[in-house]
Structures are given as structure tokens and as C-alpha cells.
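Everything below concerns the one structure shown next.
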Amino acid sequence: MASNLKIDVQDKDLLVTLREFFRLILEQEDISAIFVSQRLPMKNTIMPALVTDSKTLDRTDPLAPAFPINGAKLLSRLTRKSSGEKIAAVLRPCEIRAFTELLKLKQGKTDDLIIIGIDCLGAFRNTDYFRFVEKNPERSTELFIDSVLSGKGTTAGGIDLAPACKACEFPIAPNNADISIGLIGIDVKNQVLIEARTSAGEEICKKLNLSETKKTAERKTAVDNLVAQRIEYRDKMFAETRDTVDNLEKLTAYLAGCINCYNCRVACPVCYCKECVFVTDVFYHEPSQYLHWAKRKGILKMPSDTLFYHITRLAHSSMACVGCGQCSNACPNEISVMELFRTVAEKTQSAFGYEAGRSLDEPPPLSVFEKDEFLEVAQT
């Protein structure tokens, strides 16, 4: 059972308090580094960083509405082989869920890892974030936090959250986080909720001598209300997307702007193949082949294979899709890739009663065979 603890907020400054909390964790004898989002001096960019010197944590900014990369992919690189040293990783819920899928695919390990989940308040699109931060670079995150947690809404300076965040029904860390940081429904001017969910998390929190507390009804109500809003937006998005791509002609039009840059594949945290078939000789066609296709129909859209590429990715990755939205974030032509993938993923995952990233104990559906599954198909 999780231990409910708290940290008191210093001078009503949430960011300073979180930085101090991370510093105390990093200074634990058995923790060598902490993986956490940092505000870099270049253009106020927010990027994940592997921090070993606690003095550099004064630029840590895990609540900035910026999400340039899903950290699960980077954490996979850091944990695929044992380094012999323990890392603490501060992750958004969708990053933990994506990393859980990668763990099932043997793309990472938790032997030397402490996962710290933090309530996610959402993020803007990459381009929107830079417009937002330009207006008030020093206090941008603080203004965003105040707006969201005070109930004023997620829109700041005329900029709203990315669709992936507005449709995400998982704003709090999943149960497989070792430590969870609770903000939603909490008076963050005074305290932050800390949950130690595993024995490893308990051990760290015990060393920090945190005070015990209780979960409040206000937190549950706030989380439930937020999830309900997100589900309402999500279901509307599903319905609109299905109507937009319900035949091959519509799907072709939906993806017409694709230029085969493969940014969506590179950005996707659960796309883990070292070599994608679409960048091999299989799809490096001879000039005569292109001419043959063009003569057959009188016209050939270039680049070719775009529709086949996306259908292949849907078949390959929709079962593990966690809806983080990095595919849309990475698209140079602003194709709504996330909406398509989440809509298909909702069907493929629900067909197996599966939820990507929910639990390490649930194997990916297509990796196991159940004797009595899909009997209705076998009987037809």
C-alpha cells in the first residue's frame, strides 16, 4: 500500500520546492544521476537532461508546458544495459506508460532505476510553446501552473494545450511509478503530495524524513473532474476522426501532405526497431518502377508509399500507442497523426481488453496466444 507523505512548499514557490526535493534525492548515497527536464540557456528551450551535479538543478523545470520529446525513448538508451549505477527519472505519466511498453519489449531495465511520476498539467505544441515563453521567459512556467491549478483553464496568452494533452485521460502517474508527485487538487502554495508506491520508493522517502499526510477528497474530485473533461474531448475527437477517415479515399486525403520524412516514426517512443523497412532497399525503388506506376494510372503522387507507410505503422504500433502526441508534434506539415493513431489504437487495444502502459504484468496481446480467445471469429 502506498505511503502518503508531503513536502512543505518554500515561500509559496512550487518550482523551488521541487528542485530542492530532486536535489535531496540526487544527494542520496546510492543515486548517481537524476533524469529530469531542464531549462537550457539557448532560447529558453526545455529538454530532458541527465544531471549528476545537484548545483545545476536550479534550472530544472518539469512543469513547463513544453514536451519536445517523450523521455521514454531516452530512458531506454540509459537502461538497456546495466551501468552499475542507479538513476532516478522524473517522468510525465505518458512517458512512464511508454517506458512500460518498452520494458515489455526488452528495450530497457528497471534494475538500477527509480521512476518518479509527476502529475501532468499538459503541454503546448512545440511552436506554440516558443511563442508562449517569449512573452515572459522568467515567469512563464509559474504563470502556466497558476492558471491550470487555480481553475482558470489551460489557455495562456491565447495558446491552448496540444490536442494530445486535451485528450489524455491519464494526468497522474500510473501505479508502477516508485514515487508519485501529486499536484492536482492540492494547495500547492503550501504543500505537495508525495506517494511512495514501491519498496524502493519507500526507502528513498524514509531517508528524506518526509511528514505523513492523507489524501483529500478535494484531490480525488479534482482528478475525476479533469479526467471526465479529457474523456469528453477524447470521445469527440474519436468520432470526428472516424468520420474523416472512414474510407480509403478519405484516409488518402487525410495523409496527402505526408512527405515521407518519417519524423513521426523517429519521435514515437514505442517505435523501437533499429532499422525500419521503409528506409531499406525494399522501398528504394528503381526509376523504371516509378515510371511504370505513373504510366499505369497516368499520374503518380510523389513521394509514393506514404499511405502504405502509415498503415504499416498503425499495424505495428497502435497496440502500444500511449497517445503522447509526439508524432503530431514532429510533423512538419501539421498532419493530425496523433488523432489517427489514438482513434485506431482505441479499437485495437479494446479488442484485447488491453491498455498500453497500464501494467508490466500484462504482456502485449500479439505476443501471447490464448486458447479460448476470439471464439466468435472461429465459429463464423
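General observations
- The set of residues in segment 138-183 being in contact with a strand residue (DSSP E or B) (Cβ under 9 Å, 6 or more places away or on another chain), outside any loop (DSSP other than H, G, I, E, B) and under 20 Å from D224 (Cβ atoms) consists of V148, S180, I181, G182.
- Exactly one residue out of K109, K73, K81 is modelled with pLDDT under 95, closer than 19 Å to S359 by Cα, in a loop (DSSP other than H, G, I, E, B) and among the charged types (D, E, K, R), and it is K109.
- Matching residues in segment 208-241 - criterion: being more than 21 Å from K347 (Cβ to Cβ), surrounded by fewer than 13 Cβ atoms within 10 Å (Cβ to Cβ) and more than 21 Å from the chain's Cα centre (by Cα): N209, S211, E212, K214, A217, E218, K220, T221
- When the test is whether a residue is more than 25 Å from the chain's Cα centre (by Cα) and not assigned by TED's automatic domain parsing to the domain that holds K104, H285 passes it.
- All positions within segment 260-316 that are surrounded by 11 or more Cβ atoms within 10 Å (Cβ to Cβ) and among the hydroxyl-bearing types (S, T, Y): Y262, Y272, Y290, S304, T306, Y309, T312
- Among the residues of segment 84-106, those that are part of a loop (DSSP other than H, G, I, E, B) and either buried (at least 24 other Cβ atoms within 10 Å of the Cβ) or of a type outside the set (A, V, I, L, M, F, W, C) (or both) comprise G84, E85, R92, K106.
- Selection within segment 23-51 - outside any strand (DSSP E or B), in contact (Cβ under 8 Å) with a residue 24 or more places away in the chain and more than 18 Å from V133 (Cα to Cα): R23, L24, I25, L26, E27, Q28, D30
- Sole exception among (1) closer than 13 Å to L113 by Cβ; (2) in contact (Cβ under 8 Å) with a residue 40 or more places away in the chain; (3) among the β-branched types (V, I, T) for T79, by number: (2)
- Selection of helices (runs of 4 or more DSSP H) fully inside segment 300-380 by the criterion of at least 2 residues being out of contact with any His (no Cβ under 8 Å at 6 or more places or on another chain) and farther than 23 Å from P163 by Cα returns 306-317, 375-378.
- When each of S180, S140 is tested for being touching a Phe, Trp or Tyr at 6+ places or on another chain (Cβ under 7 Å) and not hydrophobic (A, V, I, L, M, F, W, C), the lone residue that passes is S140.
The values are calculated or read from the model by the stated rules, or taken from the named source; none is laboratory data. If you're wondering where the values come from, they're calculated on a predicted model, not measured in any experiment. Here the Cβ is made from the backbone with ideal geometry for all residues, glycine too, and neighbour counts use every protein chain on show.
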